[in-house]
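Every number in this text was worked out from the coordinates using simple rules, so none of it is lab data. Remember, predicted model here, so these are calculated numbers, not experimental data. All Cβ positions, glycine included, derive from the backbone under ideal geometry; neighbour counts span all protein chains shown.
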Ligand code: S3P
């Protein structure tokens with residue numbers, strides 16, 4: 001696909017589409033609760049439909065009237081065996097969290113995904129789940145999908161020190177722990193997104209969180225709720241950066257989710273000197289707000305340590321931002337980027353280099369020298385939605401030539417209307 005180049009400016013307001021992490025979990029909690037769950041502002045994107053279809057395959061009745069998704073909860077004990085393998089598509093969140101959910105189901109089931117998912121590491125959930133009594137195996141004895149899992153009604157609680165900062169691993173274990181015979185304790189390496197903990201409470205469960213230490217009792221019951229999914233700050237981030245680096249721009253993003261375990265990108269923009277203002281919503285329960293950005297002079301900074309999990313999905317677009325900042329930006333402690341939908345350290349440096357950026361990959365991050373003018377070229381998303389969207393924002397700065405993006409369809413994983421929404425903001 002030929003990308004839009006040489007933008008004359010972006011002006012206007014965008015209502016941010018639903019949060020991907022919360023949309024997945026709404027279907028999961030809705031299915032595992034007793035009674036009906038209504039989901040408003042669900043993210044209608046491929047990843048979340050992988051979760052929705054997975055639960056339908058497991059016997060949950062889910063209705064979609066085009067506005068609201070209604071889930072008829074069956075409780076943990078109500079999931080049904082299906083003889084067919086279930087397709088997880090591209091979604092790491094679906095497969096890893098589902099492993100924890102199926103940990104308490106005493107039937108065998110196979111979970112598979114696309115080429116990218118089939119290369120993603122699963123020992124991170126398989127090893128602790130085995131400790132709890134689950135039989136789980138990757139293809140030919142490896143840790144890679146397809147995974148075959150057989151849970152147990154006699155699931156043991158776990159005391160687990162996490163070795164990586166991962167909300168997917170934590171959430172998988174929390175779903176298993178909810179079904180275990182006793183109390184589990186999980187110690188996080190770094191604090192990661194806490195949507196699962198929040199939603200356990202929201203659905204009537206009990207959980208105790210002391211910093212990085214989480215206590216959760218087993219055999220809990222959950223009850224259906226009305227969920228209003230906030231806008232996804234990870235999707236909003238592409239437009240924040242677009243507004244900051246495109247000349248003559250001012251963008252207002254509404255309904256942005258502002259859960260404090262997700263807002264690292266806002267801190268980075270402020271530290272780089274970006275003109276950004278955040279107005280939290282008056283409804284304190286919602287944890288959303290309006291974010292306004294405008295064209296800015298930026299400076300390079302160092303990004304590493306405990307902030308990394310709070311902006312892990314935003315690092316590709318932050319790398320682009322850094323190409324337009326004066327000086328050097330160093331991103332470190334981000335080795336998890338290597339095992340995302342693609343190796344995002346390599347993909348970002350390879351593709352941005354093709355457009356003229358001065359960017360080098362390191363073992364655990366990137367070093368970016370700015371400020372550089374970008375030029376046309378042939379690039380690829382590597383089938384990764386966030387790389388594809390980042391490259392379109394980069395193309396806006398290209399004055400001459402063309403930017404041709406291979407596998408632009410990858411954006412459908414999290415933001416199917418991305419190109420259309422960008423077009424609407426063009427002056
Ligand atoms: C997610 C957690 C993150 C993130 C992913 C969604 C979640 O992965 O990158 O896009 O919904 O829990 P890790 O927890 O593995 O870092």
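Counting every other Cβ atom within 10 Å of each residue's Cβ, 358, 424 order from fewest to most as 424, 358.
Seen against the Cα atoms of the chain and their longest principal axis, helix 46-57 is set at about 10 degrees.
By other beta-carbon atoms within 10 Å, ranking 23, 7 with the fewest at the front produces 7, 23.
Compactness ratio for the stretch 20-228: Cα radius of gyration over 2.2 N^0.38 Å (N = residue count) comes to 0.92. For the chain, the alpha carbon convex hull comes to 124 Å³ per residue, rounded to a whole number.
Exposure proxy ranking for 423, 294, based on other Cβ atoms within 10 angstrom of each Cβ and starting from the fewest, stands as 423, 294. Of the Cα atoms belonging to the stretch 177-223, the radius of gyration and Dmax stand at 10.4, 30 Å. Only DSSP H runs of four or more residues enter the estimate; each adds -39500 (n - 2.57), and after division by the residues of the chain the mean residue ellipticity at 222 nm equals -8500 deg cm²/dmol. When both the stretch 66-95 and the stretch 14-37 are represented by their alpha-carbon centers, they are found 12 Å apart.
Evaluated over the Cα positions of the stretch 1-98, the convex hull gives a direction-averaged projected area, one quarter of its surface, of 8.6 nm². Antiparallel beta bridges, as assigned by DSSP with both residues in the chain, represent about 70 percent of the total such bridges.
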